[in-house]
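The values are calculated or read from the model by the stated rules, or taken from the named source; none is laboratory data. Being a predicted model, the structure only gives us computed values, none of them experimental. Quick reminder, even Gly has a Cβ in these numbers, built from the backbone with ideal geometry, and neighbours come from all protein chains shown.
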Amino acid sequence: MNEAFVFNVFFNGLGVIRALGENGVPVRALDSSKKPVGKYSKYTKAFNVVTNPALNAEQFVKELIEIGKELNEKPVLFPTNDVWSIAVSKYKQQLEKYFLTYNPDYSVIKKIIDKRLFYNIMEKENILVPQTYGIKRFDDLEKIKKELIYPLILKPTARMEINRKSCDTRIYNLNRIIEIKNFEDFFKYKDLIKNYEFIIQQKIEGLSNNMYTVGIYADKKSKVRAAFCGRKVRGYPVEYGDCIAGESYWVDELVEQSKKLVKILGYTGIAEIEYKYNQVDGKYYLIEMNPRTWSWIGITPKAGVNLPLIAYKDARGEEIPEYIEMDKSKKVLWTRSIDDRFNCKRHHKNVDEEDFLKSEKEWKESLKNYDYIVYADLDPEDMAPGIFWKKSKKVHLIKNFPKLLYRKLAKK
């Protein structure tokens with residue numbers, strides 16, 4: 001039976017490992033870290049440390065091929081973040097000799113990771129996106145000064161590319177989203193804008209609980225064969241943060257628009273398309289597309305549409321449904337429960353939104369609203385990753401306690 005190679009196995013990859021492993025698929029986890037959470041899943045049958053393609057994609061591909069050569073049947077590749085997905089698409093021709101992959105060609109990925117190009121395509125297709133201003137030099141700001149309506153968002157033009165220097169990666173991660181409240185704010189980031197490509201974009205009002213996800217699997221003809229739709233219930237940080245709790249939540253217009261988008265781009269494989277509901281005008285805006293699995297894909301099996309398993313079967317040439325949607329009759333919650341409970345106790349006190357619970361008691365009570373809970377960390381059937389994560393957070397807290405105490409005292 002073909003192995004599934006899941007690489008970068010944080011909670012995203014762990015969700016894929018479980019979605020496949022629970023259905024008898026042999027899973028190999030790969031990561032540049034020696035101790036990622038996915039390594040400890042009972043469904044992980046083998047684990048390899050490989051080079052991070054963000055630093056050296058050619059070396060990563062070489063190592064991947066060396067592992068693949070040893071196997072009798074071609075493994076199916078499951079990249080779970082941008083740089084790994086970019087590497088698979090960029091070196092697809094070499095990899096296909098030893099692996100099965102649903103990833104699109106690099107020419108397709110390029111249209112997605114270059115935000116300026118992506119938004120231009122979407123605007124031409126009359127898909128609603130935030131008002132976007134492209135600048136090539138800092139001096140260009142003066143030319144568009146009168147057009148700008150605040151608040152605005154400043155963010156890098158391109159996602160993390162492969163073969164990026166580690167210092168560039170740090171700068172990217174620290175400046176993924178910068179809020180600009182007036183023209184003078186741009187001057188705080190003058191050096192950053194001069195040295196890196198950024199776009200300026202309309203800020204869509206609302207916290208992270210206004211973010212919606214459409215998860216799809218598209219076949220080789222860019223036809224969507226499976227669809228999930230959900231809402232981010234709580235992110236951290238609360239405004240723009242990663243999903244800490246998400247729920248199944250179907251929005252017809254978003255799913256239909258996502259199918260159109262996939263066809264326009266010629267996309268194949270698993271993807272996440274993100275939208276944000278604007279509390280000011282009551283419209284959904286397309287924010288971005290992630291050409292890979294996403295952080296809470298682990299919700300999809302319990303929602304009745306196991307995207308990783310469907311992708312695996314299609315890659316192997318097995319029959320899959322012509323089209324399947326999630327089970328809309330069930331309400332499913334996905335939660336990183338350790339972090340979610342902690343945030344509810346510590347970080348939501350001043351957040352005036354119902355979703356951002358204020359205590360562990362409220363958190364436990366909220367679980368009664370769902371038919372099924374997917375615990376991303378402390379899964380009752382696969383506890384080891386959650387136990388490891390809990391211990392690692394305690395170690396991190398102990399190591400950083402002096403710094404945290406100093407910051408707290410400094411504020412006083």
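Structural remarks
- Within the range 205-230, tally of residues that are of a type in the set (Lys, Arg) and crowded, with 21+ Cβ neighbours inside 10 Å: 0
- Pick from the range 232-263, criterion touching a Lys or Arg at 6+ places or on another chain (Cβ under 9 Å) and more than 30 Å from Arg346 (Cα to Cα), ranking: surrounded by the fewest Cβ atoms within 10 Å (Cβ to Cβ): Lys263
- For Pro26, the conditions (1) free of Cβ contacts under 8 Å to residues at least 24 places away in the same chain; (2) surrounded by fewer than 24 Cβ atoms within 10 Å (Cβ to Cβ) all hold with the exception of (1).
- Positions within the range 115-131 being surrounded by fewer than 18 Cβ atoms within 10 Å (Cβ to Cβ) and closer than 26 Å to Lys90 by Cβ, in sequence order: Arg116, Leu117, Asn120, Ile121, Lys124, Glu125
- Looking across the range 264-275, the residues that are β-branched (Val, Ile, Thr) and either under 17 Å from the mean Cα position of the chain (by Cα) or crowded, with 18+ Cβ neighbours inside 10 Å (or both) come down to Thr268, Ile270, Ile273.
- Every condition in (1) without any contact (Cβ under 8 Å) to a residue 60 or more places away in the chain; (2) hydrophobic (A, V, I, L, M, F, W, C); (3) under 22 Å from Ile270 (Cβ atoms) is met by Phe138 except one, and the failing one is (3).
- Hits in the range 103-119 - residues which are within 24 Å of Glu205 (Cβ to Cβ) and of a type outside the set (Phe, Trp, Tyr): Lys115, Arg116
- Which numbered condition Tyr370 fails, given (1) among the aromatic types (Phe, Trp, Tyr); (2) surrounded by fewer than 18 Cβ atoms within 10 Å (Cβ to Cβ); (3) within 30 Å of Ala4 (Cα to Cα): (3)
- Total residues in the range 29-44, condition under 24 Å from Glu318 (Cα atoms) and either assigned to a helix (DSSP H, G or I) or without any contact (Cβ under 8 Å) to a residue 40 or more places away in the chain (or both): 2
- Residue count, the range 314-345 (criterion: assigned to a loop (DSSP other than H, G, I, E, B) and more than 17 Å from the chain's Cα centre (by Cα)): 14
- Neighbours by Cβ (under 9 Å, 6+ apart or cross-chain): first from the range 356-367, exposed (fewer than 13 other Cβ atoms within 10 Å of the Cβ); second at pLDDT 95 or above and β-branched (Val, Ile, Thr): Leu367/Thr335; Leu367/Ile373
- Looking across the range 276-313, the residues that are of a type outside the set (S, T, N, Q) and within 13 Å of the chain's Cα centre (by Cα) come down to Ile287, Glu288, Met289, Pro291, Arg292, Trp294, Trp296, Ile297, Gly298.
- In the range 81-117, the residues that are of a type in the set (Phe, Trp, Tyr) and either closer than 21 Å to Leu307 by Cα or under 17 Å from the mean Cα position of the chain (by Cα) (or both): Trp84, Phe99, Tyr102
- Of the candidates Val214, Val255, the single residue that is in contact with a Cys (Cβ under 7 Å, 6 or more places away or on another chain) and outside any helix (DSSP H, G or I) is Val214.
Yes/no per residue for (1) in contact with a Ser or Thr (Cβ under 7 Å, 6 or more places away or on another chain); (2) at negative phi; (3) modelled with pLDDT of 95 or more; (4) loosely packed, with under 15 Cβ neighbours inside 10 Å:
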| position | (1), (2), (3), (4) |
| --- | --- |
| Asp340 | no, yes, yes, no |
| Asn343 | no, yes, yes, no |
| Arg346 | no, yes, no, yes |
| Pro380 | no, yes, yes, yes |
| Val395 | no, yes, no, yes |
| Asn400 | no, yes, no, yes |
| Leu404 | no, yes, no, yes |
| Lys408 | no, yes, no, yes |
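- Pairs with Cβ under 8 Å, 6+ apart, first in the range 325-344 and closer than 14 Å to Val251 by Cα, second in a helix (DSSP H, G or I): Glu325/Val255; Lys331/Asn369
- Exactly one residue among Ile86, Ile127 is of a type in the set (A, V, I, L, M) and assigned to a helix (DSSP H, G or I), and that residue is Ile86.
- Hey, Lys276 in a strand (DSSP E or B), out of contact with any Lys or Arg (no Cβ under 7 Å at 6 or more places or on another chain), of a type in the set (Lys, Arg) and on the phi < 0 side of the Ramachandran plot or not: yes
- Odd one out for Leu71, checked against (1) over 20 Å from Leu14 (Cβ atoms); (2) in contact with a helix residue (DSSP H, G or I) (Cβ under 7 Å, 6 or more places away or on another chain): (2)
- Whichever residue in the range 151-201 is at pLDDT 80 or above and of a type in the set (Lys, Arg) and, among such residues, is farthest from Gly241 (Cα to Cα): Lys190
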